[in-house]
Amino acid sequence: MMINSCPRFREKAEALSWLASAVPEFELTYRIFAEIVNGDQINGIPVFAQSIADQLSRVTELPLWFNNEIVRIPVNPRSLFWEVDTELDDILESELEIEIAPYYAATSLLNSVIDLNISSTFVCSSLDERSFKKTLAIYEEKLDQLQAGILKMAASEISEAYMISSVRARHVTINKNHRNIYAPAQQLGDLLVSDSSIRHMIVIDGDYAYCLHADGVEKILSKLGLSVPNIVECGRGRLLYMLENIDFNKDTLISHVFRHPIIGYVAIGTTKPAEIYGIGVPADVSAKLDGDDDGDIIDLVPSIVVKNKVMEFVTTTLN
Amino acid sequence: MLGGIYRRFTVKTAAIVDNAGKAIVVPTSEYDYKIRQAYRASARITAGMFGPLVSNMSKRGLFYAIPRAELKSKTFTKGFDLDRFDGLSLSSINRPFSRLIVSDQEKSSIERWCNPFALITDGTRNLNTFLYQMPVVKLSKSLLNLFHRSKLELSTPKYELFGIPGVTVFLDKNDEADAILEKLTGVPISLDGDGIVTSRQWRKQIKVMTTLNEELDLPETFKLQGAARSKGITIGSFEANRLLVKVADHILPVDVVMNTQGKRKNKAANMTAAGMRMRKFLGEVVDRIDTTNIEQLIALKEKYPVVRGTLVLDGEEIGEVVVGINKFYLDLTHNMTPRIAKPHISYIQAQQVFDVLDYPLLSRFEKRDVHEDLELHDKQLAAVESLTNRIALYRGEEL
């Protein structure tokens, strides 16, 4: 059966403009869609300027038109676009001191919805039975993809719910005889006293381990061979004071290093601030992290401070 | 800065298709692809100094980019034999045959102009994407002089391809070398990871030119590559007057310290070539190189053994090292600045690692409440489901 409920369009933007006039309730939304598909693309991804991003920030429902009926998809505007932040832009801005106007790209959810609206006009304007069947099959496939995309988003919401901050830098190999991880002094210092660090840091002073909450503290310390009889939950102010006053000649900072993005190994080790361009990891541990000095990115998360005790070790979870 | 470092160049595209069991190369246009945008991304390349060269070669039908996009039709019968092309030298290391260059040798002409010893270099060690990534640079007069006085003469073209020259000391990866670097930089960095250490003065002599002719300093950390994919990031820097090398009767400030390039097949590309440049710079006559003559290349290796010099650190002689004038290409496409970021725990599988180890680190981190987001996804799925059911009805009516 054929539907013939809309004209046949040659261009995507034409189809979206027609939908804007056919569905007054979502006129603005379809006009935004048309601007996006008519705009620039980088590596095949549509990109757009701040003004469109601002309009999308107010969208809470997306329409899916099919044969003069509308299905509404509730959305969080945050999930519709993202600011494109290329490494090249970063370098231009931070190191070469230039400003680049922000630009944005549609997420796969938004792209998928725009595409489905265009596809539905193809289905509903089919001129013969054969093309109707063909376009309907493509439309259904795209609907399946949208469904899979939503499930994937739900999965990543769960796995990326952790509020962690790290020092991110390039991998630098240091001499294996040094049993410390070396981190850029300024970024390490900034991170140590940041809100996100205070939430999870453990500060050990003698027989006491101070922390904001005690979840997992006992087990972590015992796994690292640190025997501390008393775990004390304390306020942010006290922790902050202790973190602000780390003396790297007397105290020991222990961090976790994560290799980005595929290998699951994690290095754990005592950490020193240094005038270093990246995160320095001893050569033997580097080999296990599969990191060499050709630009691999690694993340360092400071975790434990041991006051008045100097220790030196670096290990990996492979050991 | 108002201009960009890289510019866009148009290149011709082709597809590698199977024709009766034989791979052929078929020139393509955007209309041959199902998704035109993917085609355009391959045909419009972003490149620096060598962009015009690549673009010009492409116009003459000598260079093709192979889009990743899916072809509308795969039934081509006419095309060039794939054997006429080198699909490795200039392709991405992660995607061989992503760029093809006409070549009657195993390695392309550009590869050989860059690395005259290419044909006796490890087959997998090539210039690769550095041909695109090398920005336009302006060198100080002394560096330019160093290049021109040391550049190797070839049979065709007359000289090797431009690269940034640097007096380079090659150190074996060992504790002794690491001790020198620690003394030099103040940080116990090691050459084990194939990183590269440069003098601050050498870096300052290299200015990156923007498309509007502005001159930019090099950042602290950047990626650079010698011949034969001897690449690494700069892991430290030092004051040039602290590290010198005595070669014959000359004392030269050291620009670059790198490792001795472990594989024997890569040594000619770096150490023999660097040694020959050094010999030429010091006034010795060196042979013209026929980059296609493998016998001559092997003979040159024997004829010109590596150049050795005495390394002097802070005025103290510390031993004999291999030295030469190596030639480098830069990559400024990555941000190397350390920063505070959010690690992607799901990517790095840390959760699984910690679960296996029974190490509850992740329980220490605050978790965002995702209930609302998950509820929203449920509603979205319900809406899509309702449309799917409605579509099924259309199909049902049709049946």
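Among the residues of this structure, B:VAL208 does not count as one that is more than 14 Å from every other protein chain (Cβ to nearest Cβ) and not small (Gly, Ala, Ser).
Residue check: B:ASP83 meets all listed conditions (1) part of a helix (DSSP H, G or I); (2) farther than 26 Å from B:GLY123 by Cα; (3) away from every other protein chain (no Cβ under 14 Å) but one, namely (2).
Note on region A:255-319: enclosed strands (runs of 3 or more DSSP E) holding 1 or more residues that are at pLDDT 90 or above and closer than 23 Å to B:LYS223 by Cβ are A:266-274, A:279-282, A:297-306.
Among the residues of region A:127-155, those identified as hydrophobic (A, V, I, L, M, F, W, C), farther than 19 Å from B:ASP378 by Cβ, in contact (Cβ under 8 Å) with a residue 12 or more places away in the chain and assigned to a helix (DSSP H, G or I) are A:PHE132, A:LEU136, A:ILE138.
Looking at region B:48-70, which of its residues are at pLDDT 85 or above and more than 23 Å from B:TRP113 (Cβ to Cβ)? Selection gives B:PRO67 alone.
Scan region B:80-118 residue by residue and report those that are acidic (Asp, Glu) and under 20 Å from B:PRO67 (Cβ atoms).
Within region B:80-118, just B:ASP86 meets the criteria.
Here B:ARG8, B:ARG68 are screened, and the one residue that is of a type in the set (D, E, K, R) and outside any loop (DSSP other than H, G, I, E, B) is B:ARG8.
With respect to the conditions (1) within 11 Å of chain A (Cβ to nearest Cβ); (2) surrounded by fewer than 23 Cβ atoms within 10 Å (Cβ to Cβ); (3) under 22 Å from A:ALA283 (Cβ atoms), B:ASP172 falls short on a single one, namely (1). When the residues of region A:23-51 are filtered to those that are aliphatic (A, V, I, L, M) and within 22 Å of the chain's Cα centre (by Cα), which remaining residue is surrounded by the most Cβ atoms within 10 Å (Cβ to Cβ)? Top of the filtered list is A:VAL47.
Annotation: of all residues in region B:37-59 being assigned to a helix (DSSP H, G or I) and among the hydrophobic types (A, V, I, L, M, F, W, C), the one that is surrounded by the fewest Cβ atoms within 10 Å (Cβ to Cβ) is B:LEU53.
Of the helices (runs of 4 or more DSSP H) that lie entirely inside region B:261-303, those containing 2 or more residues that are within 20 Å of B:ILE196 (Cα to Cα) and under 19 Å from the mean Cα position of the chain (by Cα) span B:264-267, B:273-281.
For (1) touching a residue at least 24 places away in the same chain (Cβ under 8 Å); (2) within 14 Å of another protein chain (Cβ to nearest Cβ); (3) over 28 Å from A:ASP294 (Cα atoms), each residue gets a yes or a no:
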| position | (1), (2), (3) |
| --- | --- |
| B:GLU302 | no, no, yes |
| B:GLY315 | no, no, yes |
| B:ILE325 | yes, no, no |
| B:LYS342 | no, yes, no |
| B:VAL353 | no, yes, no |
| B:ARG368 | no, yes, yes |
| B:LEU374 | no, yes, yes |
| B:SER386 | no, yes, yes |
| B:ASN389 | no, yes, yes |
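So which residues in region B:274-290 are crowded, with 23+ Cβ neighbours inside 10 Å and among the charged types (D, E, K, R), if there are any at all? Passing the criteria: only B:ARG277.
The residue of region A:277-287 that is farthest from A:GLN186 (Cα to Cα), among those that are among the aliphatic types (A, V, I, L, M) and surrounded by 24 or more Cβ atoms within 10 Å (Cβ to Cβ), is A:VAL285. Please specify each residue of region B:1-31 satisfying the condition of being among the hydrophobic types (A, V, I, L, M, F, W, C) and either assigned by TED's automatic domain parsing to the domain that holds B:MET209 or under 30 Å from B:ASN213 (Cα atoms) (or both). Correct list: B:MET1, B:LEU2, B:ILE5, B:PHE9, B:VAL11. For B:GLY226, are the conditions met, namely being small (Gly, Ala, Ser), modelled with pLDDT of 95 or more and crowded, with 22+ Cβ neighbours inside 10 Å? Here the answer is no, as B:GLY226 does not meet what is asked. Screening A:SER159 on (1) modelled with pLDDT of 90 or more; (2) surrounded by fewer than 18 Cβ atoms within 10 Å (Cβ to Cβ); (3) of a type outside the set (A, V, I, L, M, F, W, C) shows it passes everything except condition (1). Regarding B:VAL26, is this residue touching a helix residue (DSSP H, G or I) at 6+ places or on another chain (Cβ under 8 Å) and either of a type in the set (Val, Ile, Thr) or surrounded by fewer than 16 Cβ atoms within 10 Å (Cβ to Cβ) (or both)? It is false that B:VAL26 is touching a helix residue (DSSP H, G or I) at 6+ places or on another chain (Cβ under 8 Å) and either of a type in the set (Val, Ile, Thr) or surrounded by fewer than 16 Cβ atoms within 10 Å (Cβ to Cβ) (or both).
The values are calculated or read from the model by the stated rules, or taken from the named source; none is laboratory data. Predicted, not measured: the structure shown is a model, and the values here were computed from it. Reconstructed Cβ throughout: ideal geometry from the backbone, glycine too, with neighbour counts over all protein chains shown.
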